[in-house]
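The values are calculated or read from the model by the stated rules, or taken from the named source; none is laboratory data. Since the structure is predicted, the reported quantities are computational estimates derived from the model, not experimental observations. Here the Cβ is made from the backbone with ideal geometry for all residues, glycine too, and neighbour counts use every protein chain on show.
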Amino acid sequence: MSNRTLSRRDFLKLASAAILTASGLLGLEGLFRFLNTQTEPLALTDFDLGPASNYPPGARTVLPDIPALLVHTESGFSAISLVCTHLGCTVESKPEGFACPCHGSRFNPQGKVTRGPANKPLHTLRVEVTNDDHLHVHTD
Amino acid sequence: MRRYFLLAASFSLLLSLLTAAWQESLRPKPIALTPPLTGQVEYCLTCHSDLPQISNSHPVQTFGCVVCHGGERLALNANLAHSTMRGGKNPSDFSVVQASCGGANCHSGTAESYSNHIQRATTSIQATYAGAIASIRYTFGVQADLKARLGIFAIQVPQSTSGITALEAFDPAQETNPFVQAFGQTCLTCHLSALPLPGSVYIRFTGCSACHTPTQSPDRTSTEQVQSNNIHKLTTSIAYTQCDSCHNRGNYDLRNMTFELRQDLPADRLHDFYQPIAQFTSCEWKLDCVDCHTRTEAMGDGNLYSTKKDIQYIQCKTCHGTLTDLPQTRTLTDPNDLAFRLALLNPVVDLKLGDTILVTEKGEPLWNTLALPDGTYQLVGKVTRQVFLFKPVRGSGCTQNGVDQSSAYCHTCHSVER
């Protein structure tokens, strides 16, 4: 069994080295987190709705994430934004058209205003069927 | 010695880094919201996700918080986040209301769009207090007539049917009459910019929220809400108790220039609604004030007036008619009729195109009423949702002179004994 003792100088050296190492690791962790800071993601403008076959002719599908109403008629797919053109509330799809629960605006099934305070029609959104037969709705 | 210094410095560095890491761990994980109205991310919900939605017309997912309240939208430190809030807890205070609630699409629109609320409210007699000020100054000989010249704050309008287009700010320190000075010091407690008197029955906010934020229970026996100034709600369902946080809370004593607070605090509606000295009819205490009094009576019509009598015009005959005339009605044929918008804000009735409702002499819709096919009428309480059925005076046994609509005249037969 060796009888080595740690001199005061060695102890101070070792302790300083340990503390500096810990500080360095902590600093690196901070730097790593800083460099990996996630900014708020930009709002999506392209929504992949999956296979177009999921939306058979005659289907009227509310897409709450956009929000929009996807309609599949004989003439193809169309989508109408459910964002009220007054202040941006989400309008509700009704048999007679669309109704804004916030301030009472009404729109006909084509999105034209039938009662204010909104004075602009609901936006029509671009619908695209991609080569892989996926349906995409674009809000830009 | 150098070694000790190096060790101390290293230890200090580690301590600093650990403290920073600890502080960082205490920071809440931000909850981001990007309301469509502003399109700007805000982190208010990180701490305030438990707040109830303020009203169906102002959903937080659409409006966010900052557009009304101000504040630093990206701050996660409470002091910093709140440092630039408008009006503290109350962004509707008239000192900041234009920035908080204004905007052409919001509440400083046009008279034609029915959304010029700020212009109307800030010129209303409840905001300017011009009537009380003019009355006191006239009573004590400071001005020659009752025409309003001064208000709680200076304000002007481009034109006014009353002929009054501007009010200067009332400054008690500029007054020389001691009674008017005393009035200024002790009696300016009930206008819409005044802080409430101490006491639970006086609790209210200022500005729009003085009326539209229900700080009072719907009636004194209700446990629905307790009196509180810590409430996040806007409503047009305004209980009489909210009105009574200013009205019917006492009387002015002009000899001592003091406001003598009402001493009785009855728990039942019949005795609480009006002061003991007042006479009233059944409908006057079973209904709430807003069931009859219209939005322009309470919030003004955009003109400056000298007295509330210039703007209040609802009378018994508005709903009951006279011996010769039925009350005025309107059949709703326009989907943009104001009645629909008002009914949407407080859906106690389900108005439909083709319904016939009562309207006031100025054409304001009494949207909570309905003319029934049998010639009678229905009113639904805007607060209580209670249904009241009533008949017109015409064809009844009433022998009134329809011209006289003073309350004392109608109360001769229709007062309630307490």
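Counting only residues that are assigned to a loop (DSSP other than H, G, I, E, B) and touching an Asp or Glu at 6+ places or on another chain (Cβ under 8 Å), which one in the range B:304-352 is nearest to B:Ile152 (Cα to Cα)? Full working, then the answer.
Residues of the range B:304-352 that are assigned to a loop (DSSP other than H, G, I, E, B), as a first pass: B:304-307, B:311-315, B:321-328, B:332-337, B:346-352.
With the extra rule that they be touching an Asp or Glu at 6+ places or on another chain (Cβ under 8 Å), the set shrinks to B:311-314, B:328, B:332.
On the way: B:Ile311: 18, B:Gln312: 20, B:Tyr313: 24, B:Ile314: 26, B:Gln328: 37, B:Leu332: 40 Å.
Applying the filter and picking the extreme gives B:Ile311.
Which is closer than 23 Å to B:Ser113 by Cα, charged (D, E, K, R) and out of contact with any strand residue (DSSP E or B) (no Cβ under 8 Å at 6 or more places or on another chain), of A:Lys112, A:Lys94?
A:Lys112
Test B:Thr123 against the stated conditions and say whether it is within 14 Å of the chain's Cα centre (by Cα) and either among the hydroxyl-bearing types (Ser, Thr, Tyr) or more than 23 Å from B:His58 (Cβ to Cβ) (or both).
yes
Test of understanding: among B:Asp374, B:Asp325, B:Asp334, B:Asp355, which residue is within 14 Å of chain A (Cβ to nearest Cβ), farther than 26 Å from B:Trp285 by Cβ and more than 19 Å from the chain's Cα centre (by Cα)? Spell out how you get there, then give the answer.
Working: B:Asp374 fails: within 14 Å of chain A (Cβ to nearest Cβ); B:Asp325 fails: within 14 Å of chain A (Cβ to nearest Cβ); B:Asp355 fails: within 14 Å of chain A (Cβ to nearest Cβ).
Of B:Asp374, B:Asp325, B:Asp334, B:Asp355, the one residue that is within 14 Å of chain A (Cβ to nearest Cβ), farther than 26 Å from B:Trp285 by Cβ and more than 19 Å from the chain's Cα centre (by Cα) is B:Asp334.
In the range B:136-156, how many are crowded, with 18+ Cβ neighbours inside 10 Å and assigned to a helix (DSSP H, G or I)?
Residues flagged as crowded, with 18+ Cβ neighbours inside 10 Å and assigned to a helix (DSSP H, G or I) within the range B:136-156 amount to 2.
For the range A:89-140, name all the residues that are in contact with a Pro (Cβ under 9 Å, 6 or more places away or on another chain), without any contact (Cβ under 8 Å) to a residue 60 or more places away in the chain, closer than 26 Å to A:Ser53 by Cβ and acidic (Asp, Glu).
Correct list: A:Asp132 only.
Identify, by number, the condition in (1) touching a helix residue (DSSP H, G or I) at 6+ places or on another chain (Cβ under 9 Å); (2) assigned by TED's automatic domain parsing to the domain that holds B:His232; (3) touching a residue at least 12 places away in the same chain (Cβ under 8 Å) that B:Gly141 doesn't meet.
Every listed condition holds for B:Gly141 apart from (1).
Among (1) crowded, with 17+ Cβ neighbours inside 10 Å; (2) away from every other protein chain (no Cβ under 14 Å); (3) in contact (Cβ under 8 Å) with a residue 40 or more places away in the chain, there is one condition B:His117 misses while meeting the rest; what is its number?
The number of the failed condition is (2).
Say whether the condition of being within 30 Å of B:Gly141 (Cα to Cα), buried (at least 16 other Cβ atoms within 10 Å of the Cβ) and over 17 Å from the mean Cα position of the chain (by Cα) is met by at least one residue in the range B:185-200.
Scanning the range B:185-200 turns up at least one residue that is within 30 Å of B:Gly141 (Cα to Cα), buried (at least 16 other Cβ atoms within 10 Å of the Cβ) and over 17 Å from the mean Cα position of the chain (by Cα).
Under 8 Å by Cβ, and 6 or more places apart or on different chains, what pairs join a residue from the range A:41-69 that is β-branched (Val, Ile, Thr) with one that is part of a loop (DSSP other than H, G, I, E, B) and surrounded by 13 or more Cβ atoms within 10 Å (Cβ to Cβ)?
A:Thr45/A:Thr139; A:Thr61/A:Tyr55; A:Val62/A:Leu82; A:Ile66/A:Leu82; A:Ile66/A:Thr139
May I ask you to list the residues in the range A:22-63 that are facing chain B (nearest Cβ under 10 Å) and not aliphatic (A, V, I, L, M)?
Residues satisfying the conditions are A:Ser23, A:Gly24, A:Gly27, A:Glu29, A:Gly30, A:Arg33, A:Thr39, A:Glu40, A:Pro41.
How about the range B:1-84: which helices (runs of 4 or more DSSP H) wholly inside it have at least 2 residues that are of a type in the set (Gly, Ala, Ser), crowded, with 16+ Cβ neighbours inside 10 Å and within 9 Å of another protein chain (Cβ to nearest Cβ)? Let's see the steps before the verdict.
Working: elements: B:2-26, B:45-48, B:60-63, B:66-69, B:78-82.
Because the criterion is at least 2 residues that are of a type in the set (Gly, Ala, Ser), crowded, with 16+ Cβ neighbours inside 10 Å and within 9 Å of another protein chain (Cβ to nearest Cβ), no helices (runs of 4 or more DSSP H) in the range B:1-84 meet it.
Residues of the range B:405-417 being surrounded by 14 or more Cβ atoms within 10 Å (Cβ to Cβ) and not in a helix (DSSP H, G or I), which ones? Full working, then the answer.
Let us first name the residues in the range B:405-417 that are surrounded by 14 or more Cβ atoms within 10 Å (Cβ to Cβ), namely B:405, B:407, B:409-411, B:414-416.
The answer is B:Gln405, B:Ser415, B:Val416.
List pairs: first in the range B:252-265 and of a type outside the set (Val, Ile, Thr), second in a loop (DSSP other than H, G, I, E, B), Cβ under 6 Å, 6+ apart or cross-chain?
Final answer for the pair search is B:Phe259/B:Cys187; B:Arg262/B:Arg249; B:Arg262/B:Gln275.
One residue is enough: does the range A:96-103 have a residue meeting the conditions among the hydrophobic types (A, V, I, L, M, F, W, C), farther than 22 Å from B:Ser57 by Cα and away from every other protein chain (no Cβ under 11 Å)? Lay out the reasoning, then the answer.
We begin by selecting, within the range A:96-103, every residue among the hydrophobic types (A, V, I, L, M, F, W, C); these are A:98-100, A:102.
Filter again for farther than 22 Å from B:Ser57 by Cα, leaving none.
Within the range A:96-103 (the criterion being among the hydrophobic types (A, V, I, L, M, F, W, C), farther than 22 Å from B:Ser57 by Cα and away from every other protein chain (no Cβ under 11 Å)), the answer is no, since none of the residues qualifies.
Looking at A:Pro57, A:Pro101, which is the one that is more than 22 Å from B:Asn56 (Cα to Cα), touching an Asp or Glu at 6+ places or on another chain (Cβ under 8 Å) and part of a loop (DSSP other than H, G, I, E, B)? Step through it out loud before you land on a result.
Details: A:Pro101 fails: more than 22 Å from B:Asn56 (Cα to Cα).
From the options A:Pro57, A:Pro101, the qualifying one is A:Pro57.
Please state which one of B:Val383, B:Val349 is crowded, with 18+ Cβ neighbours inside 10 Å and within 21 Å of A:His103 (Cβ to Cβ).
Going through B:Val383, B:Val349 in turn, just one is crowded, with 18+ Cβ neighbours inside 10 Å and within 21 Å of A:His103 (Cβ to Cβ): B:Val349.
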